Amino acid sequence: MLERRSALASATPYVSGSLSIAERPGFSLTQVAGVEEKIAAVTGPLPEKVARAQVNGALTIFRIGPAQFWIVGPEMDDTASRLQGQCAVTPLSNSRVRIALEGAPAREVLSMLIPVDVHQTVFTPGTVALTGIHHTPVTVHCTGETAFDIYVMRTFALNAWEVITDAARAFAGNP
Amino acid sequence: MMIPCPYCGDRDVSEFRYGGDATKQRPQHGTGDLKTWHDYYFLFDNPKGPHTEYWQHVLGCRRWFKLARNTATNEIGGVVS
């Protein structure tokens, strides 16, 4: 039996004051592309714009282009199998690592990493940005006022982790 | 410089890749004249002023699109359909 191993197995969770950075495993990720009505019949409503996430029960859906979506669900999820034959389905669960960045200085840390306006009046909870950290593509999802999920390619995960924790050290000692 | 991605909205130029002159017309398939192909592949104008270019949102939605940009001022004229 193959055992799933984290790409961040060697990384130590970072905690300083209220700021924490930790891998958030336990999710499934499926990329789908096709006729939106067929996809929506299985997943529920789809986000109209790239910038907003749509939450349908246990599923969180990101639009990543025209008629192309990411579906984030629980680790054991049958959405991908229910979509088979309805659209192009690409399982990505093993290709991405989810890093949770949380705490009061989280926006300041993020602003050092991505070329996106992360001000609390612009990058509100539910906002999504397809962008890059250290020249590698990442998807950033604002899950709360000071909480973000960062989806990183598995092969770049350790590098992204080091860059993120490096930026966080500027706020070490902050409450 | 901010570039208006047709799918992601206004984003920083560092997320994009320049893809070349979008005004060049590829020779028809079957064109046998080597000079035509030579000129298409190797000769480029270097316009100063309004220009239409290919750009890819490589760190975002990865889509290609045509963009109007003034090469002298970097003023963005918007996405060209």
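B:Thr73 meets the conditions (1) away from chain A (no Cβ under 14 Å); (2) among the β-branched types (Val, Ile, Thr); (3) not in a loop (DSSP other than H, G, I, E, B) in every case but one. The failed one is (3). Contact map, region A:102-116: residues that are within 14 Å of another protein chain (Cβ to nearest Cβ) paired with residues that are crowded, with 22+ Cβ neighbours inside 10 Å and in a helix (DSSP H, G or I), Cβ distance under 8 Å, separation 6+ or inter-chain. Pairs shown: A:Leu113/A:Ile164; A:Pro115/B:Glu15.
Only one of the listed residues (A:Arg98, A:Arg107, A:Arg5) is modelled with pLDDT under 95 and either under 16 Å from the mean Cα position of the chain (by Cα) or of a type in the set (D, E, K, R) (or both). That residue is A:Arg5. Please go through region A:126-160 and give me each residue that is away from every other protein chain (no Cβ under 14 Å), more than 11 Å from the chain's Cα centre (by Cα) and surrounded by fewer than 20 Cβ atoms within 10 Å (Cβ to Cβ), ordered by number. A:Gly126, A:Gly144, A:Glu145, A:Thr146, A:Ala147, A:Arg154, A:Thr155, A:Leu158, A:Asn159, listed by residue number. Within region B:41-60, restricting attention to residues that are under 13 Å from the mean Cα position of the chain (by Cα) and not in a loop (DSSP other than H, G, I, E, B), the residue that is farthest from the other protein chains (Cβ to nearest Cβ) is B:Pro50.
Taking strands (runs of 3 or more DSSP E) that fall entirely within region A:13-95, which contain at least 2 residues that are within 14 Å of chain B (Cβ to nearest Cβ)? Can you show your working first?
On the way: elements: A:14-16, A:19-23, A:27-33, A:53-56, A:59-65, A:68-74, A:88-91.
The qualifying strands (runs of 3 or more DSSP E) are A:27-33, A:59-65, A:68-74.
In contact with a Ser or Thr (Cβ under 6 Å, 6 or more places away or on another chain) and either surrounded by 14 or more Cβ atoms within 10 Å (Cβ to Cβ) or among the aromatic types (Phe, Trp, Tyr) (or both), is that true of A:Val118? It is true that A:Val118 is in contact with a Ser or Thr (Cβ under 6 Å, 6 or more places away or on another chain) and either surrounded by 14 or more Cβ atoms within 10 Å (Cβ to Cβ) or among the aromatic types (Phe, Trp, Tyr) (or both).
Evaluation of B:Gly9 against the conditions (1) within 13 Å of chain A (Cβ to nearest Cβ); (2) in contact (Cβ under 8 Å) with a residue 12 or more places away in the chain; (3) among the small types (Gly, Ala, Ser) shows that the sole unmet condition is (2). Taking the criterion of being closer than 12 Å to A:Leu92 by Cβ and among the β-branched types (Val, Ile, Thr), the only residue of region A:54-70 that qualifies is A:Ile64.
The values are calculated or read from the model by the stated rules, or taken from the named source; none is laboratory data. These numbers come from a predicted model, not from an experiment. No Cβ is skipped: glycine too gets one built from the backbone with ideal geometry, and neighbour counts run over all protein chains shown.
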